[in-house]
Amino acid sequence: MLRIELTAAAGGQPGHGELTVHGWPGGTEDLELSVLRNQDSLYLEAGGGWDSLPVWHALDGLERRDEALFGTVGPWLVDPLVRDPKMVYRLQLRAAGQSDGGVLRIVGNLLSSPAVGHPQPDERPPAPPVVAEPEPELPVVEVVEPAPDDSPLVAERDEEFRAAPAPKPRQSVRWLPFVVGLALLLGVGLAGYWYFVLRPQTQTPVAAATVPAATPAVAAAGEAGACAASALAESGDDLTFIQACLKSSPSSAQVLETIAAAKQAKRCGVVQRLYAHKAQAGDAAIALAYAREYDPQSFAAGGCVEAADAETAAYWYEIALANDAGNSEAKKRLEALKP
């Protein structure tokens, strides 16, 4: 089984990477590579798409360094692989009658070639130049000097002032106290009417019933129920159930129980997706159980896996070992399944 790593190229050039293959016993002449995407079992095409049939790509430029092959690969391989970092890929090499494969490990921050971009120019129109507006002219106020006291204008003004009649003094309003007293009496009467007639009766407040909050145990039970076999029976849509189940963060044991119920109900879409999601998320127990489904030694007909497949079983044993390096069963079966 090969150990394959893809790291960023020297200088961090997007779309390029350094491919390292450990354990390849053959040479580098006429070396070919196929890439299998695990989630949907599709193979990488020459144009970057994915097909159900294996496609072999010429792998040029690799050189041997000690026990490993090392070389640079371009966007034809890097771009499709980093487009979705959650995918898991199995690479198969062949040359001169030899063939071997392994799970690809993408190490570091590997960028695709479309990541190369240029800052967009500022399309906003330039601000118009600020033009200082002229200050408004203040009106010219003509100051007129007052006329002297002995001028004819002053004499005429004094004569008009003396001729104007003096204003009559306002007479006191005699009925104002009567109006004020009437308003006070009316206010007192209205207050008494409200107090004795309209005032609502005092009621003793009833204490609100205390509703106990849901305990953590009850809340946890509700979340776990989203992945229970009973929830599977009530749900008619596989995708909706799977989303709710995974959102509840079920344990490995709960997932295996639900998978068993889904097998009996012949809901193989639930089986395959729960296996794949949990195994790729790092659950070694689920990856080990999925490997047993394909392992020729433990394959059982009549389930959701149509036939035993040693290569697929080895793939899931590798996933189990990647998350649990001390798993003796996965290590033993992986060695037995090596071509």
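The values are calculated or read from the model by the stated rules, or taken from the named source; none is laboratory data. Please read these numbers as outputs of a predicted model, since none were measured by experiment. Cβ atoms come from the backbone with ideal geometry, glycine included; neighbour counts cover every protein chain shown. To get the accessible areas, we keep the full protein, side chains included, count just its heavy atoms, and leave off ligands, DNA and RNA. Shrake-Rupley method; radii C 1.70, N 1.55, O 1.52, S 1.80 Å.
Remarks
- For Pro80, the conditions (1) farther than 26 Å from Tyr317 by Cα; (2) surrounded by 13 or more Cβ atoms within 10 Å (Cβ to Cβ) all hold with the exception of (1).
- The number of residues in the range 302-324 that are open to solvent by less than 30 Å² (accessible area, probe 1.4 Å), touching a residue at least 40 places away in the same chain (Cβ under 8 Å) and out of contact with any Leu (no Cβ under 7 Å at 6 or more places or on another chain) comes to 3.
- Any hit, the range 247-260, residues being touching a residue at least 24 places away in the same chain (Cβ under 8 Å), of a type in the set (Lys, Arg) and assigned by the TED database to the domain that holds Asn323: no
- Flag if Leu334 is surrounded by 15 or more Cβ atoms within 10 Å (Cβ to Cβ), among the hydrophobic types (A, V, I, L, M, F, W, C) and farther than 20 Å from Gln39 by Cα: yes
- Considering each residue of the range 265-286 in turn, none proves to be out of contact with any Phe, Trp or Tyr (no Cβ under 6 Å at 6 or more places or on another chain) and hydroxyl-bearing (Ser, Thr, Tyr).
- Residue within the range 14-34 that is open to solvent by less than 10 Å² (accessible area, probe 1.4 Å), part of a strand (DSSP E or B), modelled with pLDDT of 90 or more and of a type in the set (Ser, Thr, Tyr) present: yes
- Every residue from the range 82-96 that is hydrophobic (A, V, I, L, M, F, W, C) and either at pLDDT below 90 or more than 15 Å from Glu18 (Cβ to Cβ) (or both): Val82, Met87, Val88, Leu93, Ala95, Ala96
- Flag if Arg64 is over 26 Å from the mean Cα position of the chain (by Cα), within 21 Å of Ala314 (Cα to Cα), open to solvent by 70 Å² or more (accessible area, probe 1.4 Å) and modelled with pLDDT of 85 or more: no
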